[in-house]
1. Criterion first (at positive phi and modelled with pLDDT of 95 or more) does Glu459 satisfy it?
2. Any chance the range 387-407 includes a residue that's within 16 Å of the ligand (Cβ to nearest atom), assigned by TED's automatic domain parsing to the domain that holds Lys115 and not hydrophobic (A, V, I, L, M, F, W, C)?
3. Restricting the range 85-108 to residues that are in contact with a Cys (Cβ under 8 Å, 6 or more places away or on another chain) and more than 9 Å from the ligand (Cβ to nearest atom), which is most open to solvent (accessible area, probe 1.4 Å)?
4. May I ask you to list the residues in the range 8-26 that are open to solvent by less than 100 Å² (accessible area, probe 1.4 Å) and among the hydroxyl-bearing types (Ser, Thr, Tyr)?
5. Quick check on the range 133-154: of everything there that is more than 18 Å from Lys51 (Cβ to Cβ) and under 27 Å from the mean Cα position of the chain (by Cα), which residue is farthest from the ligand (Cβ to nearest atom)?
6. May I ask you to list pairs of residues, at least six apart or on different chains, whose Cβ atoms are under 6 Å apart, with the first in the range 200-224 being under 28 Å from Thr288 (Cα atoms) and in contact (Cβ under 8 Å) with a residue 24 or more places away in the chain and the second being of a type in the set (Asp, Glu) and crowded, with 22+ Cβ neighbours inside 10 Å?
7. Name the residue, out of Thr288, Thr225, that is among the β-branched types (Val, Ile, Thr), away from the ligand (no atom under 16 Å from the Cβ) and assigned by TED's automatic domain parsing to the domain that holds Met195.
8. Any idea which of Ala187, Ala126 is among the aliphatic types (A, V, I, L, M) and assigned by TED's automatic domain parsing to the domain that holds Glu258?
Amino acid sequence: PKQKRGKFRSFVVWSWRLTYVSALIGAGYITYGVIQMRNPADQEEPDPSKKTLVILGTGWGSVSLLKKLDTENYNVIVISPRNYFLFTPLLPSCTTGTIEHRSIMEPIRNFLRHKKASVKFYEAEATKINYETKTIHINDDSDIKGDMSETEVPFDMLVVGVGAENATFGIPGVREHGLFLKEVGDAQAIRKRIMDCCETSTFKDQSEDEIKRLLHMVVVGGGPTGVEFAGELQDFFNNDLQKWIPDIKNNFHVTLVEALPNVLPMFSKQLIEYTEKTFQEETITIRTKTMVKKVTPKFIEAESTNPDGTKHLEQIPYGLLVWATGNALRPVVKDLINQIPAQKDSRRGLAVNEFLVVKGTENVWAVGDCAVANYAPTAQVASQEGAFLARMFNNMAKTQAIEDELKECSDKQEKAPDKGTRDAVFEQIKDLQKRLRRVKQMGPFEYSHQGSLAYIGSEKAVADISWLSGNFASGGTLTYLFWRSAYLSMCFSTRNRILVVIDWFKSKTFGRDVSRE
Ligand SMILES: Cc1cc2nc3c(=O)[nH]c(=O)nc-3n(C[C@H](O)[C@H](O)[C@H](O)COP(=O)(O)OP(=O)(O)OC[C@H]3O[C@@H](n4cnc5c(N)ncnc54)[C@H](O)[C@@H]3O)c2cc1C
């Protein structure tokens, strides 16, 4: 037994040492990262002889392109009304205060300042792309405007990564009375509205019907965004709201409305059923085959399909309406489509070829939600497209450099004074040609689907993960831990990761904040 105790002791001692050393290495790594982040090196200045590459947008597609692009090869200009990158997969968590919105924002300035060659950034909206003149009309739409707030930016190469607008399908009242969930401002507005509804429902002498209406939270759209938001909202009620505002306990209710026969259509059948069962347990009502026809300030008018196939119209009163039904074209994209005859049939976005070139154009590419390449409009697709373009642009620059060198070598070979020099140059040419062939060997864009993930509330998530050549479907609490770690690892920077972990810890320990800003 003495020997056993000795072994156990040495196991504990070694485990402790290992943990200690790992913690030190981890802390060192983070410290190094922070120092690097806070002390950017000097950058190369733009070279006017190089081509001007304009990138529109600071979302998934554009930022993924910028991340991998060797900026010293071009004069890069980024134009976007948003001077930060937003990690959208965690945006639903910001609507209830599980995560603070600044934790998932990365200032574009910080990021661009770390590129080898400097990149110009204009905080502005591209209002028109003139393909003929190769110029972009930009407009500073912020509150503070200088003497110059509208101008034109010329380009040699253009990447359109402006994303998409919220689709309302022309349903009257959606824009006026509903809230969207796409930007930081949307999440803040939802958070305020939830608290406003709760507080207003407890106002003195409020009628029973009005209390029910105010506390009816309706989410339209059964895709991942709608489902995740509904789950987060129910968590907020279960863990915090009902504790601090007990008066709302019996009337708070979340309803998810979807026009299709089921929610999460991109997930496997078994996960759809699992989600529906979990929602039932969480007391979230799912109303499938229900099409919203009109939105008024206090109710939505919807057409539901009965089990026998007949339809009926009904009025659904609501306090909060969140509209998450997908994408529509931005005006600047619509306008570009109208300028290019080859795009006349494009309805959902700019049609691109397998190299992401906008069909019917030269030197114009499109990535992400504004491009149509037969993939779902997701961050995964947008970021892979951006990375592909970066590789292609880097290759194009390398090709140009090798071709210039080849030209120089041919001149040298012609002027070579003797056979020895000529042979040496010939060897150099052969080597360059080999390199050129290698660089030019870039295939078309191929999307690799990593899987789909969605949080469904009550610390449960569903995941359809691509596994070897098949698919692995799972749902539950373990999947939730996987969901968290996957999103954490995908966050833009170490800073974001640390802030998100702190927020999770904060909301778990102290609960979510129920004050209305
Ligand atoms: C709440 C939410 C959750 C999501 N969760 C997931 C998820 O879990 N997994 C997933 O794969 N996808 C998810 N998505 C989808 C994903 O966010 C989008 O597919 C992705 O953002 C598309 O990237 P993008 O670069 O095309 O556009 P965006 O990321 O939307 O970026 C567009 C950029 O263009 C800028 N811009 C807009 N108009 C102009 C203009 N006129 N001129 C210049 N710039 C302009 C915008 O300010 C923005 O910077 C989610 C989306 C939302 C809203």
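1. yes
2. Among the residues of the range 387-407, not one is within 16 Å of the ligand (Cβ to nearest atom), assigned by TED's automatic domain parsing to the domain that holds Lys115 and not hydrophobic (A, V, I, L, M, F, W, C), which makes the answer no.
3. Ranking the candidates gives Glu100 first.
4. Ser10, Ser15, Thr19, Ser22
5. Here the answer is Asp143.
6. Going by the 6 Å Cβ cut-off, the qualifying pairs are Gly222/Glu258.
7. Exactly one residue qualifies, and that residue is Thr288.
8. Within the list Ala187, Ala126, the selection yields Ala187.
The values are calculated or read from the model by the stated rules, or taken from the named source; none is laboratory data. The model shown is predicted, which means the values in this text are computed figures rather than measured ones. Glycine gets a Cβ as well: all are built from the backbone with ideal geometry, and neighbour counts include every protein chain shown. Keep in mind that these areas ignore ligands, DNA and RNA; they rest on the heavy atoms of the full protein, side chains included. Shrake-Rupley method; radii C 1.70, N 1.55, O 1.52, S 1.80 Å.
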